[in-house]
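The structure follows.
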Amino acid sequence: MEARKTVVPGETIISGEEYLPGDGCRREKEDIVASKFGLADVSDKLVKVIPLSGVYIPRRGNAIIGTVIDVTFNGWILDFNGPTTGFLSLMEVPRFINKDELQEQFDFGDSVLAKIWNVKAKGVDLSVKLRGFGKLEDGMLVKINPNKVPRVIGKEGSMVTVIKDATQCDITVGQNGVIWVRGNKIDNELKAKKIIEFICENSYIDGLTEKVKDFIGGLK
């Protein structure tokens, strides 16, 4: 396959025993068949379907951006647009904090970049111990369908690099579909938001990078 195409469940993506089914597809004799609606992708004989709709499913190791919605005696509760909430324990912060100083670290409404280290039935456990994780200061949040995240990131971060170069903004993409954008001017942040929205609206298009560059060239 030279170009990606939109497929529906039950549709044959490609045929041949040399191909292996990945996420979103299955093998039926010699055919690789889609098991969900999305964008077919064939790379190094591995076939997968990139979903174009759906909700975020938390996975261990994912980096997500959440908003503090509650402060407890031993940590913080975060809303991250998932099926449950996330819990950031006092023990998963990289410095000692007295229990009466929790709101000085993270307060209601704060945006936090965190790592999922455990997924449970009633919620997920989060950590900000790793370098680069923690409170996101200033900037704006852009929310997208989480299944569009791979298109916004691009291969090896290529699409994010295009956005950064065009807007001079710092951009952090959460796997849950929440993107943090911070620039030295609000106009640059709004420009980045427009580019991200364009990518999401045209995520099914082949040769998307060139289309995005053309779109950027037309922005004032």
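Pick from Asp41, Asp31, Asp100: which is over 25 Å from Cys200 (Cα atoms), open to solvent by less than 60 Å² (accessible area, probe 1.4 Å) and among the charged types (D, E, K, R)?
So the residue among Asp41, Asp31, Asp100 that is over 25 Å from Cys200 (Cα atoms), open to solvent by less than 60 Å² (accessible area, probe 1.4 Å) and among the charged types (D, E, K, R) is Asp31.
Residues checked against (1) open to solvent by less than 40 Å² (accessible area, probe 1.4 Å); (2) more than 16 Å from the chain's Cα centre (by Cα); (3) within 22 Å of Ala114 (Cα to Cα):
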site: Val162; (1), (2), (3): yes, yes, no
site: Ile171; (1), (2), (3): yes, no, yes
site: Asn176; (1), (2), (3): yes, no, yes
site: Ile179; (1), (2), (3): yes, no, yes
site: Ile186; (1), (2), (3): no, yes, no
site: Ile195; (1), (2), (3): yes, no, no
site: Ile199; (1), (2), (3): yes, no, no
site: Asp206; (1), (2), (3): no, yes, no
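Every residue in region 149-160 that is open to solvent by less than 30 Å² (accessible area, probe 1.4 Å) and touching a helix residue (DSSP H, G or I) at 6+ places or on another chain (Cβ under 8 Å), please.
Val152, Gly154, Met159, Val160
For region 131-141, indicate whether the set of residues that are of a type in the set (Lys, Arg), surrounded by fewer than 17 Cβ atoms within 10 Å (Cβ to Cβ), modelled with pLDDT of 95 or more and under 23 Å from Gly61 (Cβ atoms) is non-empty.
Yes: region 131-141 contains one or more residues that are of a type in the set (Lys, Arg), surrounded by fewer than 17 Cβ atoms within 10 Å (Cβ to Cβ), modelled with pLDDT of 95 or more and under 23 Å from Gly61 (Cβ atoms).
Here is a check on your reading of the model: is Asn62 touching a residue at least 12 places away in the same chain (Cβ under 8 Å), touching a helix residue (DSSP H, G or I) at 6+ places or on another chain (Cβ under 9 Å) and of a type outside the set (A, V, I, L, M)?
Taking the combined requirement at face value, the residue does not satisfy it.
To continue, here is another question. Read through the list (1) open to solvent by 30 Å² or more (accessible area, probe 1.4 Å); (2) touching an Asp or Glu at 6+ places or on another chain (Cβ under 9 Å); (3) modelled with pLDDT of 90 or more, then give the number of the only condition that Glu2 fails.
(3)
List every residue pair whose Cβ atoms sit under 7 Å apart, with the two residues 6 or more apart in sequence or on different chains, where the first one lies in region 83-109 and is closer than 25 Å to Tyr56 by Cβ and the second, anywhere, is outside any strand (DSSP E or B) and at pLDDT 90 or above.
Gly86/Phe80; Leu88/Val128; Ser89/Asn74; Glu92/Val128; Glu92/Lys129; Val93/Gln105; Val93/Val128
Among the helices (runs of 4 or more DSSP H) confined wholly to region 94-204, which include 1 or more residues that are of a type in the set (Val, Ile, Thr)?
149-153, 158-167, 186-201
On to the next question. Assuming Phe80 fulfils every condition listed in (1) touching a residue at least 40 places away in the same chain (Cβ under 8 Å); (2) open to solvent by 50 Å² or more (accessible area, probe 1.4 Å); (3) closer than 16 Å to Ser127 by Cα apart from one, which condition is it?
The number of the failed condition is (2).
The values are calculated or read from the model by the stated rules, or taken from the named source; none is laboratory data. The shown structure was predicted, so the numbers you read here are calculated from the model rather than taken from an experiment. Because the Cβ atoms are built from the backbone with ideal geometry, glycine has one as well, and the counts that use them run over all protein chains shown. Heads up: the accessible areas ignore ligands, DNA and RNA and are worked out on the full protein's heavy atoms, side chains in. Shrake-Rupley method; radii C 1.70, N 1.55, O 1.52, S 1.80 Å.
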